[in-house]
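The values are calculated or read from the model by the stated rules, or taken from the named source; none is laboratory data. Given the structure is predicted, the values throughout are model-derived calculations rather than measurements. Here the Cβ positions follow ideal geometry from the backbone for every residue, glycine too, while neighbour counts run over all protein chains shown. To get the accessible areas, we keep the full protein, side chains included, count just its heavy atoms, and leave off ligands, DNA and RNA. Shrake-Rupley method; radii C 1.70, N 1.55, O 1.52, S 1.80 Å.
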Amino acid sequence: MTAPVRVAMWSGPRNLSTAMMRAWENREDCVVVDEPLYAAYLARTGVEHPGRDAVIASQPVDVAQVVRDLHAPLPEGVRIHYAKHMTHHLAEGDDLSWTSDFRNVLLIRDPAEVVASYVRSREACEPGDIGVHPQLRLLNAWTETPPVIDAGDFLRNPEGYLRWLCDWLGVDFSDRMLSWPAGPRDSDGVWAPYWYDAVWRSTGFEPWRPRTVSLSAHDAAVAGACQAAYDELHALRLRL
């Protein structure tokens with residue numbers, strides 16, 4: 001029996017993470033899970049997010065239970081389990097050893113672009129909201145350097161990067177990963193109406209285009225506080 005492939009894609013918010021989840025879910029041999037640590041994060045921090053109570057009610061708030069669920073047997077005919085994770089859902093003192101059970105990938109994006117997108121959906125933004133420093137913490141916790149994929153690079157060549165990932169994971173590439181039907185999915189978290197409008201309209205990865213970012217002084221400072229960590233990750237990025 002072929003061993004299951006359990007992928008953990010670690011991203012910050014306002015990146016390609018949901019579109020990437022769409023690409024994998026559109027395969028016939030893959031199931032996905034959307035931000036399984038979100039409820040635990042909200043319950044632990046008390047932070048206010050849109051739909052907070054519904055999110056907490058929809059998922060386990062115990063991280064150990066989340067990890068057990070991520071190891072659950074896969075449905076018949078499914079070989080790939082794909083988890084979309086937000087790195088800011090990890091607590092600073094968390095034991096990260098459990099993450100080594102998965103095929104980990106880091107998905108990064110320029111902090112200024114992340115902040116500019118984030119504040120369009122939620123007014124407040126601080127460095128801890130966008131997940132760059134936890135990505136670096138994960139990197140330092142692992143004994144092997146994972147693939148680091150920058151969103152700007154990916155959008156210039158989605159098929160190339162997806163083919164590379166499939167080869168690295170030991171699974172066949174599928175053309176189904178390049179396009180998908182518009183609209184919501186049953187797998188989307190209950191928070192999707194607040195955050196997924198662009199993805200719901202999409203039918204594939206949008207072409208790369210240069211972006212002009214205009215930030216307030218506060219938001220520029222947030223991006224600046226994350227820049228050094230991003231630069232360290234960016235230096236390790238996969239280049240095709």
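Could you list, in sequence order, the residues of the range 121-166 that are part of a loop (DSSP other than H, G, I, E, B), under 18 Å from the mean Cα position of the chain (by Cα) and over 30 Å from residue 217 (Cα atoms)? Hits for the range 121-166 are 142, 145, 146, 147.
Taken together, the criteria exclude residue 62 from residues that are open to solvent by 10 Å² or more (accessible area, probe 1.4 Å), touching a strand residue (DSSP E or B) at 6+ places or on another chain (Cβ under 7 Å) and of a type outside the set (A, V, I, L, M, F, W, C).
Evaluated against (1) of a type outside the set (A, V, I, L, M); (2) in contact (Cβ under 8 Å) with a residue 24 or more places away in the chain; (3) more than 27 Å from residue 180 (Cα to Cα), residue 110 falls short on exactly one condition, (3). Residues in the range 103-114 that are buried (at least 18 other Cβ atoms within 10 Å of the Cβ) and either of a type in the set (Ser, Thr, Tyr) or over 14 Å from the mean Cα position of the chain (by Cα) (or both): 110, 111, 112. Would a scan of the range 17-36 turn up a residue that is open to solvent by less than 40 Å² (accessible area, probe 1.4 Å) and at pLDDT below 95? No, that holds for no residue. Criterion applied to 78, 61, 55, 47 was being more than 26 Å from residue 144 (Cα to Cα) and modelled with pLDDT under 95, and the one residue passing it is 47. Checked against (1) out of contact with any Gly (no Cβ under 7 Å at 6 or more places or on another chain); (2) part of a loop (DSSP other than H, G, I, E, B), residue 229 passes all but condition (2). Taken together, 200, 195, 191, 208 contain a single residue that is within 22 Å of residue 27 (Cβ to Cβ) and of a type in the set (Phe, Trp, Tyr), which is 200. As a summary of the residue check, residue 180 satisfies the conditions (1) in contact with a Pro (Cβ under 9 Å, 6 or more places away or on another chain); (2) open to solvent by less than 50 Å² (accessible area, probe 1.4 Å); (3) aromatic (Phe, Trp, Tyr) except for the one numbered (1).
Taken as a whole, the condition of being within 30 Å of residue 2 (Cα to Cα), in a loop (DSSP other than H, G, I, E, B) and either among the acidic types (Asp, Glu) or open to solvent by less than 50 Å² (accessible area, probe 1.4 Å) (or both) does not apply to residue 94.
Yes or no: residue 215 under 29 Å from residue 139 (Cβ atoms), among the aliphatic types (A, V, I, L, M) and either open to solvent by 80 Å² or more (accessible area, probe 1.4 Å) or at pLDDT 95 or above (or both)? Judged against the criteria, residue 215 is not a match. Taking the stated definitions as given, is residue 185 at pLDDT 95 or above, out of contact with any Cys (no Cβ under 8 Å at 6 or more places or on another chain), within 18 Å of residue 81 (Cβ to Cβ) and open to solvent by 20 Å² or more (accessible area, probe 1.4 Å)? The answer is yes for residue 185. Set side by side, the residues 150, 197, 172, 186 differ, and just one is among the charged types (D, E, K, R) and either closer than 16 Å to residue 12 by Cα or in contact with an Asp or Glu (Cβ under 7 Å, 6 or more places away or on another chain) (or both), which is 150. Residues in the range 142-162 that are surrounded by fewer than 16 Cβ atoms within 10 Å (Cβ to Cβ) and either within 19 Å of residue 228 (Cβ to Cβ) or touching a residue at least 40 places away in the same chain (Cβ under 8 Å) (or both): 142, 143, 145, 156, 157, 160. Restricting attention to the range 167-193, the residues that are in contact (Cβ under 8 Å) with a residue 24 or more places away in the chain, in contact with a helix residue (DSSP H, G or I) (Cβ under 7 Å, 6 or more places away or on another chain) and either assigned to a loop (DSSP other than H, G, I, E, B) or under 29 Å from residue 56 (Cα atoms) (or both) add up to 6.
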